[in-house]
Amino acid sequence: MSQEIELKLALGPNGPTMLRRHPQLAGLDSVAQRLGNTYFDTPQGDLEAARMALRLRRIDGRVLQTLKTRGEGGGGLSTRGEWEWEVSGPGLDLEGLAELPPAALGRHVLERLAPRFTTDFHRETRMIDHDGARIEVALDEGEIVADDRRVTIRELELELKAGEPEALWSLAETLAGSVSLRPSDTSKAARGGALLGGAWQLPEGGTPSAWLHRAVVALDALADTDDEAWRCEAGSALKRLAEANGGDFREAARELAKALSGSTWLTPAFGLTMVRLARRLPADRDLA
């Protein structure tokens, strides 16, 4: 098992173009790939309930099977357990799954696994050395498809390959200075599950980091549903965060809540403020 530490950032419509032009990335070599993924679960959603994701990925003529466990973090930063290996395809390697330790993979689950939804996207990958760390910068553009419903993938993943996680925040702040982006706490697998089920569930608030996590997930739901109620939920969570804290936390949360009242809220200024706020709060939430 490896441990994946990454910072996920959702991008505005012009985000990919601005990102490619950013001085930190413009001169770097990139690798372009087309990734086709099928996610599996039981009809009852046993893996989703356990906050796990199982997929087959088709890439460069190969088929990779990946299992990811429950994530921990918040404000876009996550740490997850991950197992990945090449399989012959086209179906799952059930015997390989049966040998893994997660308790949710009992035989009663393995026997009922079936395809649930797909993601298909173009990925541009760059490697950058930043603040003493080695970071993989992955820009994903494509879509998630569940039955006849589709949502757009337009996100940036900063994955730590060597060094300290703090470098991910530093790079995110640097990019946010001119790119419309924001933290995102919802994985592609969880987005697919919400699309398939036709419903989103917000995490509870309570602590400062929990209120921020609730606001971030509400904005993830807004992006996929275009339902303005989620923008109201995000604003309410940020106001509760402002009430729960003092000093610069309060001012930053109020600034973000106020920005959400406008139609063009996802600006570089908004994203930079949100990244800085997330950086200061403990990343201690359970993530989907």
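The values are calculated or read from the model by the stated rules, or taken from the named source; none is laboratory data. Computed from a predicted model, the values in this text were never measured in an experiment. Here the Cβ positions follow ideal geometry from the backbone for every residue, glycine too, while neighbour counts run over all protein chains shown.
Descriptive notes on the structure:
- Region 37-66 residues that are assigned by TED's automatic domain parsing to the domain that holds residue 116, paired with ones that are of a type in the set (Lys, Arg) and in a strand (DSSP E or B) (beta carbon under 6 Å, 6 or more apart): 37/55; 37/57; 39/55; 39/116; 41/116; 53/68; 64/57; 66/55
- Set 228, 173, 243: member being surrounded by fewer than 20 Cβ atoms within 10 Å (Cβ to Cβ) and either at pLDDT below 95 or within 30 Å of residue 115 (Cβ to Cβ) (or both): 243
- Among the residues examined, residue 182 qualifies as over 25 Å from residue 56 (Cα atoms), in a strand (DSSP E or B) and either of a type in the set (Ser, Thr, Tyr) or in contact (Cβ under 8 Å) with a residue 60 or more places away in the chain (or both).
- Count - residues of region 240-272 that are assigned to a loop (DSSP other than H, G, I, E, B), farther than 24 Å from residue 19 by Cβ and touching a residue at least 24 places away in the same chain (Cβ under 8 Å): 2
- Residue 138 meets the conditions (1) closer than 30 Å to residue 265 by Cβ; (2) in contact (Cβ under 8 Å) with a residue 24 or more places away in the chain in every case but one. The failed one is (2).
- Of all residues in region 17-44, those that are in a loop (DSSP other than H, G, I, E, B) and either out of contact with any helix residue (DSSP H, G or I) (no Cβ under 7 Å at 6 or more places or on another chain) or over 18 Å from residue 197 (Cβ atoms) (or both) total 11.
- Residue match in region 86-97 (condition: within 23 Å of residue 159 (Cα to Cα), of a type outside the set (A, V, I, L, M) and in contact with a strand residue (DSSP E or B) (Cβ under 9 Å, 6 or more places away or on another chain)): yes
- Of residues in region 1-43 being in contact with a Lys or Arg (Cβ under 8 Å, 6 or more places away or on another chain) and polar (S, T, N, Q), the one surrounded by the fewest Cβ atoms within 10 Å (Cβ to Cβ): 3
- Filtering region 70-86 for residues that are part of a strand (DSSP E or B) and aliphatic (A, V, I, L, M) leaves a non-empty set.
- Any hit, region 255-264, residues being among the basic types (Lys, Arg), surrounded by fewer than 18 Cβ atoms within 10 Å (Cβ to Cβ) and at pLDDT below 95: no
- Residue tally, condition at pLDDT 95 or above, under 18 Å from residue 46 (Cβ atoms) and in contact with a helix residue (DSSP H, G or I) (Cβ under 9 Å, 6 or more places away or on another chain), over region 111-137: 4
- Summed over region 77-90, residues that are surrounded by 14 or more Cβ atoms within 10 Å (Cβ to Cβ) and either free of Cβ contacts under 8 Å to residues at least 40 places away in the same chain or not assigned by TED's automatic domain parsing to the domain that holds residue 172 (or both) total 1.
- Test: residue in region 153-162 that is without any contact (Cβ under 8 Å) to a residue 40 or more places away in the chain, assigned by TED's automatic domain parsing to the domain that holds residue 128, in a strand (DSSP E or B) and touching a helix residue (DSSP H, G or I) at 6+ places or on another chain (Cβ under 8 Å): yes
- Options 196, 202, 212: the member that is in a helix (DSSP H, G or I), touching a residue at least 24 places away in the same chain (Cβ under 8 Å), surrounded by fewer than 20 Cβ atoms within 10 Å (Cβ to Cβ) and out of contact with any Ser or Thr (no Cβ under 9 Å at 6 or more places or on another chain): 196
- Count of residues meeting criterion [among the charged types (D, E, K, R) and part of a helix (DSSP H, G or I)] in region 97-115: 1
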